[in-house]
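The values are calculated or read from the model by the stated rules, or taken from the named source; none is laboratory data. Computed from a predicted model, the values in this text were never measured in an experiment. So basically every Cβ, Gly included, is an ideal-geometry build from the backbone, and we count neighbours across all protein chains shown.
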Amino acid sequence: MGDEPQQGRSYNVLPGTKMGVVTVDHLEKIAEVARKHEIPLVKVTSAQRIAFAGHPPEKVAEIWRDLGQAAGPKKPVGIHYIKACPGVLWCKYGRQDSLALGDKLEKALFSMPLPAKTKVGISGCPMNCCESYIRDLGIFGMKKGWTLVFGGNGGGVPRIGDVMAEGLDDEQVIELAGRCLKYFAEHARKFERTGRFMRRTDLETFKRAVGL
């Protein structure tokens, strides 16, 4: 890899890297395509994804084809990513299956149009390795179920999210998350993240609106 900056160049997140989980075959394909196109930087992002950086924009379509996909994913503004820890199956501290819940959430809510990008963090235990309190939608596991947090932000204007409910099973998490995101979609300003939205929204009014 070269160490010269590639400002003005393009980058593309690779398909199929969900919640940081990859297969050996996928890693081999990444290496094959990176070598073929002489990609100067392959980066693991903060969203648990892998990005190619430094390639010229005119190479984008060819890179996607070589990766086995005709074009990059196209979706409405909405859930930007779902970040999850190994969870109860793969971590001795885990209390709940964060990877399984992440997969269910993606299938149920990933295509929902929202006013702004929305980040999801799912932690399998209360140590919150996936920073659930500072995600737009945060979920973390306890011994007796999931806790759901809404309206967090870890960016330039940090905000600790509000705890909406505790002791939820997987289906209750998906239902409540959907109601929270629906209310957000109907009342937020364009490009307004959940943290800013919750700063100007009365918490009790929000809870009543989502059935709490």
Looking at the range 80-130, which of its residues are within 16 Å of Glu175 (Cα to Cα) and surrounded by 19 or more Cβ atoms within 10 Å (Cβ to Cβ)?
-> Leu101, Gly102, Leu105, Leu109, Val120, Ile122
Filtered residues of the range 154-180 (kept if surrounded by 13 or more Cβ atoms within 10 Å (Cβ to Cβ), over 11 Å from Gly138 (Cβ atoms) and of a type in the set (Gly, Ala, Ser)) = Ala165, Gly178
Does the range 103-120 include one or more residues that are in the same structural domain as Gly195 (by TED's automatic domain parsing) and touching a Cys at 6+ places or on another chain (Cβ under 8 Å)?
-> no
For Leu148, which of the numbered conditions (1) surrounded by fewer than 21 Cβ atoms within 10 Å (Cβ to Cβ); (2) closer than 26 Å to Trp90 by Cβ fails to hold?
-> (1)
Cβ pairs under 7 Å, 6+ apart or interchain, first in the range 97-121 and closer than 21 Å to Gly195 by Cβ and in contact (Cβ under 8 Å) with a residue 12 or more places away in the chain, second of a type in the set (Asp, Glu) and outside any loop (DSSP other than H, G, I, E, B), ordered by first then second residue, are none
Only unsatisfied item for Arg196, checking (1) of a type outside the set (Asp, Glu); (2) crowded, with 21+ Cβ neighbours inside 10 Å; (3) part of a helix (DSSP H, G or I), is (2)
